[in-house]
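Asks: Would you mind keeping the following structure in view while I ask a few things?
The values are calculated or read from the model by the stated rules, or taken from the named source; none is laboratory data. If you're wondering where the values come from, they're calculated on a predicted model, not measured in any experiment. So basically every Cβ, Gly included, is an ideal-geometry build from the backbone, and we count neighbours across all protein chains shown.
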Amino acid sequence: MPALLPTENLLELLISGVFTKNFLLIYFLGLCSFLGLTKDMGSSIGMSMAVTFVTGMAAVITWPIFNFILVPLGLEFLQTICFILVIAAFVQLVEFIIRKHQPALYRSLGIYLPLITTNCAVLGVVLLNAQQNYSYVGSIVYGISAGLGYGLVMLLAAGIRGKLLQRGVDMFGGFTGAFLVAGLLSLIFVNYFGVIQF
Amino acid sequence: MTDRPNLFSEFAAGIIKNNPVFCLVLGICPTLAVTTSFENGLGMGLAFTFVLLGSNVFISLLRNQTPPIVRLPIFIVIIATFVTIIDIVLQAYLPPLYEALGIFVPLIVVNCIVIGRAEAYASKNSVLPSIADALGISVGYILVLMLIGGIRELLGTGKITFVMLWLLENGQIGFLELATLHIPIEPATIMILPPGAFFTIGSLMFLFKFMGKKMSERRG
Amino acid sequence: MVKEELKYVALLLGIIGALFILILVLPMVTVTTILGVGLVVLLLEILPFSYIIYKENKGEPIVNAIGTVARLTLIAMVAAGALSTTYETTQAYMAANLEMVLPRVMPDAATFTPVGGEEEPVYYEAYDDAGNLVGYAFFVSKEGSQGTILLAGAIDLDYNVIAITVVRHSETPGLGAKIKEPAFRDQFLGLSVADLHLSPEGKIDAITGATISSTAVVDAMRTKIGEIQTEVA
């Protein structure tokens, strides 16, 4: 069983989550929300914060389930079904609590929560954590860094797309433009952060 | 069978009018991530077909037995079951494909197309139309995956290998190589890497929209 | 508003219930396990669900709540059963199938005897038709740049490499995937542990642009052969 305390280099894990293994641009996870929400800076910020929170918390919850229940019982093959149910239950619970106790926060963040259950970034984080056998602390750090990397690209793309629209540059129309922006950003990430092996 | 033309139109709608990638813009993540080759595109498409067909049939069968209050958990359990089945089956019978697709097989569970069809179609229609719908959407999806995979493989490695799923000589099911096509250009590795995926789908989507516009202009 | 909140609580309960069943059903499916677990969950869920449905739809018979719980329980039970059965079948197939690779790496050998290890053998002793020990075959897996690389290999009695095959991998086509090609694999033939390093330290030239994948293969081979040497001695 992987250890509770970090056995891996946490800084390296953080950098890899944000840059070299960026969820949106390198792993292609969470692209639906990327296409839909980067038209608008406000919703990009809201979604990024919500995703970072959920990926972090999903790592916190699923690690014990995987390592204390599924692995000892030899039920690793049930990981997908367990993880998605736990995430769905957790997201519903958070939405419920926020709406009841923090109406202001709910108005700015809560509306993005239902979208997160079907956001592959969250399930992707927990599946990768299980696959890579990270320690408990390591998997939480990886969860948060994946969310941060997602947020970084969301904000970059929202900024670029906003500027393009402002200048009236919309020659390719919505989705095509979004893909080209993503492609160019991805080119930067691939080259500068050493994804190509040397 | 008065139903037949109806079923066929449901099937055909999935390929062009409701094409999951170009028109509904759903299920983009695996479309880009696993399409490094023609073979992987086809494999992902077939895995997806199994899940969509299975979940559509069962959700449609159970549509009158599903209390609205527990609708979502039931959908998730059904979809996740089929995803897990195809995941462990691939691992045993097609290990090379299992390794190539990686976590994108379990991720079919959050593929917006599957849950979208469950919610929008299968939970409201009877079994036969649901099957037609699942097949149509799947064929549309497979075509897109093979197209993008083929383009990236061709430009990225300078050759493309056409395959199909077939019973091999050793009695196992696997990919049978049909033909390999070489093109005399210097391969651009960038097409295999992530940016190539974005550029390919961006250009294709532009073409698809452009052709659609031209067609509707001609008709109008 | 009460109505709305209750819905969420019910949803949560349903999800947790379904999860509970799935976790508890062990891969060894027997009708008794499934029924037993189903019964436990039924008892656990019936009260809260009855309460919720009673509160939400005043006047509706309590039987509806039982129906909801029963359906959810049933679906989860069927799902668990289907999954466990598939898993058992494929596991048996996989164990038999992986060993079918062995004759490919050591065509001269007739029989293979697994040695050591609790779940997976550390290596296999290869015997020829006459029953003489001719070498050792093994499987070894290691993380590459994109995922796990599984190798099958064979060594002679002097621990020199006589075969290496990539059983499965998910390296980048055109780069890391070249570990499959003879140009890379043939470099290993005849080498002993001391030479199994990337050049200039050892005798293996890395694939251009795919150092991580090359290193993974070389390291996996060196570690495994070293392990076999100590095990045999």
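Asks: Need the failing condition index for C:Ala194 against (1) surrounded by fewer than 18 Cβ atoms within 10 Å (Cβ to Cβ); (2) away from chain B (no Cβ under 14 Å); (3) in contact with a strand residue (DSSP E or B) (Cβ under 9 Å, 6 or more places away or on another chain), just the number.
Replies: Going through the list (1) surrounded by fewer than 18 Cβ atoms within 10 Å (Cβ to Cβ); (2) away from chain B (no Cβ under 14 Å); (3) in contact with a strand residue (DSSP E or B) (Cβ under 9 Å, 6 or more places away or on another chain), C:Ala194 breaks only (3).
Asks: Looking for whichever is without any contact (Cβ under 8 Å) to a residue 12 or more places away in the chain and within 23 Å of B:Cys29 (Cβ to Cβ) here; the options are A:Leu85, A:Leu148. Which one fits?
Replies: Matching residue, one of A:Leu85, A:Leu148: A:Leu85.
Asks: Any residue in region A:102-109 that is part of a helix (DSSP H, G or I), under 18 Å from A:Ile15 (Cβ atoms) and hydroxyl-bearing (Ser, Thr, Tyr)?
Replies: The answer is no, given that none of the residues of region A:102-109 is part of a helix (DSSP H, G or I), under 18 Å from A:Ile15 (Cβ atoms) and hydroxyl-bearing (Ser, Thr, Tyr).
Asks: Turning to a different aspect of this structure: Which of the residues that make up region B:103-122 are crowded, with 24+ Cβ neighbours inside 10 Å, under 11 Å from A:Cys32 (Cβ atoms) and at the interface with chain A (Cβ under 7 Å from one of its Cβ atoms)?
Replies: B:Val110
Asks: Among residues belonging to region A:115-149 that are aromatic (Phe, Trp, Tyr) and part of a helix (DSSP H, G or I), point out the one that is farthest from the chain's Cα centre (by Cα).
Replies: First pass over region A:115-149, keeping only residues aromatic (Phe, Trp, Tyr): A:134, A:136, A:142.
Then keep just the ones that are part of a helix (DSSP H, G or I); that gives A:136, A:142.
On the way: A:Tyr136: 18, A:Tyr142: 10 Å.
Of everything passing the filter in region A:115-149, A:Tyr136 is farthest from the chain's Cα centre (by Cα).
Asks: Right, next: Looking only at region C:85-98, which residues are among the polar types (S, T, N, Q) and either assigned by TED's automatic domain parsing to the domain that holds C:Glu120 or at pLDDT below 75 (or both)?
Replies: Matches in region C:85-98: C:Asn97 only.
Asks: What helices (runs of 4 or more DSSP H) completely inside region B:35-146 contain at least 3 residues that are among the β-branched types (Val, Ile, Thr)? Even if it seems obvious, please write down each step before you answer.
Replies: On the way: elements: B:38-61, B:71-93, B:95-101, B:112-117.
Passing ranges, in order: B:38-61, B:71-93, B:112-117.
Asks: While we're here: Which number in (1) farther than 29 Å from B:Leu32 by Cβ; (2) surrounded by fewer than 21 Cβ atoms within 10 Å (Cβ to Cβ); (3) at the interface with chain C (Cβ under 7 Å from one of its Cβ atoms) marks the one condition that B:Ile74 misses?
Replies: With (1) farther than 29 Å from B:Leu32 by Cβ; (2) surrounded by fewer than 21 Cβ atoms within 10 Å (Cβ to Cβ); (3) at the interface with chain C (Cβ under 7 Å from one of its Cβ atoms) applied to B:Ile74, the lone miss is (2).
Asks: Looking only at region A:172-188, decide whether some residue is in contact with a Phe, Trp or Tyr (Cβ under 7 Å, 6 or more places away or on another chain), at pLDDT below 80 and not acidic (Asp, Glu).
Replies: Within region A:172-188 (the criterion being in contact with a Phe, Trp or Tyr (Cβ under 7 Å, 6 or more places away or on another chain), at pLDDT below 80 and not acidic (Asp, Glu)), the answer is yes, since at least one residue qualifies.
Asks: May I ask you to list pairs of residues, at least six apart or on different chains, whose Cβ atoms are under 8 Å apart, with the first in region B:152-164 being more than 12 Å from every other protein chain (Cβ to nearest Cβ) and the second being of a type in the set (S, T, N, Q)?
Replies: Final answer for the pair search is B:Phe162/B:Thr180.
Asks: Right, another one. I'd like to check which strands (runs of 3 or more DSSP E) are fully inside region C:115-175 and have at least 3 residues that are within 14 Å of chain B (Cβ to nearest Cβ).
Replies: Output list reads C:133-143, C:148-156, C:161-168.
Asks: Next up: If you take the residues in region A:76-94 that are buried (at least 21 other Cβ atoms within 10 Å of the Cβ) and more than 7 Å from every other protein chain (Cβ to nearest Cβ), which one is farthest from the chain's Cα centre (by Cα)?
Replies: Going through the qualifying residues, I end up with A:Gln79.
Asks: Please go through region C:178-205 and give me each residue that is in contact (Cβ under 8 Å) with a residue 12 or more places away in the chain and small (Gly, Ala, Ser), ordered by number.
Replies: Once the filter is applied, which keeps residues that are in contact (Cβ under 8 Å) with a residue 12 or more places away in the chain and small (Gly, Ala, Ser), region C:178-205 yields C:Gly190, C:Ser192, C:Gly202.
Asks: Can I ask one more? Say whether the condition of being within 9 Å of another protein chain (Cβ to nearest Cβ) and either surrounded by fewer than 19 Cβ atoms within 10 Å (Cβ to Cβ) or in contact with a Leu (Cβ under 9 Å, 6 or more places away or on another chain) (or both) is met by at least one residue in region B:45-55.
Replies: Going residue by residue through region B:45-55, those that are within 9 Å of another protein chain (Cβ to nearest Cβ) are none.
Scanning region B:45-55 turns up no residue that is within 9 Å of another protein chain (Cβ to nearest Cβ) and either surrounded by fewer than 19 Cβ atoms within 10 Å (Cβ to Cβ) or in contact with a Leu (Cβ under 9 Å, 6 or more places away or on another chain) (or both).
Asks: May I pose another question? So which residues in region A:49-75 are farther than 19 Å from A:Ser139 by Cα and buried (at least 18 other Cβ atoms within 10 Å of the Cβ)?
Replies: Across region A:49-75, the qualifying residue is only A:Leu75.
Asks: If I ask for residues that are more than 22 Å from the chain's Cα centre (by Cα), farther than 27 Å from C:Pro173 by Cα and among the charged types (D, E, K, R), which ones from region B:173-220 would you list?
Replies: B:Lys213, B:Lys214, B:Glu217, B:Arg218, B:Arg219, listed by residue number.
Asks: Answer yes or no: is there a residue in region C:118-141 that is in contact with a Pro (Cβ under 6 Å, 6 or more places away or on another chain) and farther than 30 Å from A:Ser16 by Cβ.
Replies: Within region C:118-141 (the criterion being in contact with a Pro (Cβ under 6 Å, 6 or more places away or on another chain) and farther than 30 Å from A:Ser16 by Cβ), the answer is yes, since at least one residue qualifies.
Table: residues versus (1) touching a helix residue (DSSP H, G or I) at 6+ places or on another chain (Cβ under 9 Å); (2) aliphatic (A, V, I, L, M); (3) at negative phi; (4) modelled with pLDDT under 80.
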position	(1), (2), (3), (4)
A:Ala3	yes, yes, yes, yes
A:Phe19	yes, no, yes, no
A:Ser44	yes, no, yes, no
A:Ile65	yes, yes, yes, no
A:Leu109	yes, yes, yes, yes
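Asks: Also, quick follow-up: Being among the aliphatic types (A, V, I, L, M) and modelled with pLDDT under 80 is the filter; apply it to region C:99-120 and report the residue that is surrounded by the most Cβ atoms within 10 Å (Cβ to Cβ).
Replies: That would be C:Val101.
Asks: Based on this model, can you work out whether C:Arg71 counts as surrounded by 13 or more Cβ atoms within 10 Å (Cβ to Cβ), at pLDDT 60 or above and within 21 Å of B:Tyr93 (Cα to Cα)?
Replies: no
Asks: Residues in region B:151-174: is at least one closer than 29 Å to A:Leu187 by Cβ, part of a loop (DSSP other than H, G, I, E, B) and not hydrophobic (A, V, I, L, M, F, W, C)?
Replies: Yes; the residues of region B:151-174 include at least one that is closer than 29 Å to A:Leu187 by Cβ, part of a loop (DSSP other than H, G, I, E, B) and not hydrophobic (A, V, I, L, M, F, W, C).
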